[in-house]
1. Going by C-beta contacts inside 10 Å, put 84, 277 in order with the fewest on the left.
2. GNM on the chain, C-alpha springs below 10 Å: top fluctuator among 237, 273, 92?
3. Run the simple label-point estimate for residue 283 and residue 87 please: 7 Å along Cα→C-beta, distance reported in nm.
4. Sequence neighbours fewer than 8 away in the same chain don't count; with that in mind, list the lysines whose C-alpha is under 20 Å from residue 299.
5. If you restrict to DSSP beta bridges whose two residues both lie in the range 83-173, what percentage is antiparallel, to the nearest 5?
6. Using Cα atoms only, what is the angle between the long axis of helix 198-208 and the major principal axis of the chain, expressed in degrees (0 to 90) to the nearest 10?
7. Just list whichever of 70/226; 28/224; 208/303 have alpha carbons separated by over 30 Å in the model shown.
8. Which lysines does residue 186 reach when only Cα atoms under 22 Å apart count, and residues fewer than 8 places away in its own chain are ignored?
Amino acid sequence: MKQGRRMLLLLLLMLLCAGSKDCMAAKKPELSSRQYLLQMGKSVRLRLKGDRAIQWKTSNPAVATVQNGKINTNSCGTAWITCMGKNKKTYSCLIRVVGQKKTKEKQTYRVAHRGYSSRAPENTMASFLRAADKGYQYIECDIQFTKDNVPVILHDARVDRTSNGHGRADKYTYAQLRKLDAGSWKSSKYAGEKIPSLQEVLRYCVQKDVIPYLELKNGSGLTKAKFRKVYKMVQESGLQNRVVWISFNFQYLKWVKEMDPVAEIGYIPKSESVEAMVQKAEKLKSGKNRVFLCIKRAKVSAKILELCKQKGIGVSVRGINSEKTWKGLDAYCMSAIGNGF
């Protein structure tokens, strides 16, 4: 009798454990990946983990189609693949499709450094709008903070160089900072241009279907709490799967990896050896994300390219200011960052 009770209790315990595991799995359904970079003509299988997929859709069938989780790519561009689970919630994956290597099409995409800053005042809405007009799908911008902890788009810690103000940005409240003229220094036609908030730029990126390269600046007073605030703003804008994070500060990028293991991360090295910078980039890998080095054009060598290829580290090239230079980059280079060309 006692043995029968023990067996019954053991069976009940096993059923409870199995049910608990199923409930835990169902609490956090997710796609097997949140973004892919694919060669045109390639296919990949996407799975919904923790729930049963009942519907798959693509935002751009000309670029990529999907059937039962299998994604087929058709042409260059971007597409959102969405999956509805049995729980009626929707999950998304960004697909970026680039040209086949055997074609003459340039795969290295252009990034507008502080917007189209060769002609418009850097890090202003005028500069970002001009970049979009010139066909840029990526913009690079820099984050600083005001006295009242509002993240704003500004390269320097001080406002002197790019406005009619004086002193550090974090000595101004956001309302005070907005009163500064951030355009006249470049040209009188930009008089009255404002220093934008991060929120304003994120809204612009959503409206224009532009992908932001957000630089977390050294000297900006960034803390982990402030970064959480920035990341929450990105999440609320719906851009968390599209934003690219870059920084000279390795610790800041470790926070990015910790907060979002699938986020795309670019480390900007200073004077490290090739081996040291690649080792740092490897430490930023989560197994789910894309990591790259953001290097000055003069520093890009055959050694760097070869080691990055071996380790699966991407390469983005800074300081590209002509179409000729852009087209002359090694095919392995994923992006070219320049002031407008």
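Rule-based calculations on the coordinates, nothing more; no lab input. Model, not experiment: these values are computed from the prediction. In this analysis, Cβ positions are derived from the backbone assuming ideal geometry, glycine residues included, and neighbour counts consider all displayed protein chains.
1. Fewest to most other Cβ atoms nearby, the residues stand as 84, 277.
2. 273
3. With each label placed 7 Å out from Cα toward Cβ, I get 3.5 nm.
4. Cross-link targets: 270, 280, 309, 311, 324, 327.
5. 65
6. Between helix and principal axis, roughly 80 degrees.
7. 70/226; 208/303
8. Those lysines meeting the cut-off are 134, 194.
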